[in-house]
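Taking it in order: structure first as structure tokens, then the write-up.
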Amino acid sequence: MPVVNQKGIPPACAGGVIPSAVHTVIQEHLQTGIRHKESFFVADEPFIHNQLKLWESKLSDVEPFYAVKCNDNLRFLRILAEHGLGFDCASQSEMQRILNLGVEPHRILYAAPFKSEDGILYAKQHGVTQTMFDTEDELRKLADYFPNAELYLRLWADDPSSRVRLGSKYGVQLPQAKELLVLAQELNMKVIGLCFHVGSSAADFDAYRQAIAFTREVYDFNQSLREDQRHPIRTIDIGGGFSLGNFESAATVIRKSIRQYFGDEKHLRWVAEPGRYFAEEAFYLVCRVLGTRPRACLGNGIGADEKLPVGDIHINDGIYHNFLNALTEQVVPQPILLNCTGTPYVSAADNGDPYTVWGQTCDSFDKIATNCVLPRRAKVGDWLCFPFMGAYTHVTGSDFNGFPRLKKIIWISNSPEDVSIAVSSPLRTLRALQHYLVRAVGLAESTASEREGIGFKVNDELAAFNSSVGLVDRLLAGLRALHILSGSRH
């Protein structure tokens, strides 16, 4: 698949400039005494804070519930939780992850339209009352297992130009919406909201207007029912589809549509489910070149003047790990070629040549990009820095072929100690603490297995320990894990 710049990908995605703070961290990581050879992420915390401010300035009347499925990194989730965001969870595991951060149950939407009975019971037991449905089967299941749930009816919406279309899988049209609202009343189930999702990384913003207009039709039908049959609809969930490249344009359409179709309903609460908007551009993935091969070696007769791929580059990541989007969405950000110390190569006068980039597994499907234009031929030990790799990357990966999915994440923050990754004596001491914690997890799970989530909580803190660069963050994560462990023995 080609390296592209479309369907909501910001124009900067095709550029060759790495932000200075990100570049500094990459160079420091590659130039330390340790010979780093594994691919790694760099996460830009100030960018996340800027996104929060931008949302507040453009959609202040719409509460964001972050879609956990997009990127479930613990530190990332903690940043959003500390800013008071809600969370869109699709599974028991995601709900548990968010509840373990101390987030109140009312700040969680159990947003999967189809849920297992175990998932429903978990939500019920932990006070996560808000959930969604769009079929009679799901409505009856919820009536059986969670009769006090607060329901959102999912309506059909679709942006044909979105990167991932959802209209073919979820949502009901007006006739089915009417039937389900009536059935819910007969089952004594309470519908408190209407929701839709136009598609991931939307490009046609009129899809939001159409969806809000349709939502008004369903809302009016409910209002037309007798008072004793009417549902207390008080929330409209406009779903996701946002990215930095489309957000301001989408926000303009959404604000105007809310005024146009619901201007007389001032009591309504508006929420959304952004994922990519917060995560996509906050993470950079840096991959090492394992080897190259000139295309001429394959005997395919492609001439250099045809501007077809002139060679292959093999890197230490792939579609089975952090690049599944290359296969499912046909989207790969344009990488920047760095030398072994993290310094970008100077662009060629003729803008370089195209290459095919391959992943590290044995599978020939593991092709990350074709026509990836680089300023020069890469060599073993060079690095490719891929921007905009925070959305649906590590969360969709696997350990296929024995290559680990999870990668080190180096965080940039406003704290000086979080910018440097130099190895120090205190850090070696913390590695000893890490070793102890890893061994202690097994003990915690075996001696307190009846305590739901104990191993999960400790592993969360271990993940925070591993992903934190700063000594302070590492100490805090380690101490939290020790506190959980000590509490499990009393």
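Some points to look at:
- Base-10 log of normalised Debye intensity for the range 227-268 (one unit scatterer per alpha-carbon) at q = 0.21, 0.27, 0.32 Å⁻¹: -0.80, -1.02, -1.13
- Eigenvalues of the alpha-carbon gyration tensor of the range 35-156, scaled by 5 and square-rooted, set the equivalent ellipsoid semi-axes at 30, 18, 13 angstrom, largest first.
- The P(r) of the range 210-341 has a tail past 17 Å containing 74 percent of all C-alpha pairs.
- Over 25 Å between alpha carbons, listed pairs K115/K190; K115/K408; K124/K256; K37/K69: K115/K408; K124/K256; K37/K69
- Neighbour-count order for S243, S413, fewest beta carbons within 10 angstrom listed first: S413, S243
- Residue exposure proxy: Y66, Y345, ordered by other Cβ atoms within 10 angstrom of their Cβ from fewest to most, comes out as Y345, Y66.
- Largest-first principal axis extents of the Cα set of the range 72-274 (Å): 48, 41, 32
- Cβ-derived FRET efficiency at R0 51 Å, K408 paired with D228, nearest 0.05: 0.30
Rule-based calculations on the coordinates, nothing more; no lab input. Values in this document were obtained by computation on a predicted structure and should not be read as measured data. Counting neighbours? That spans all protein chains shown, and the Cβs are built from the backbone with ideal geometry, glycine included.
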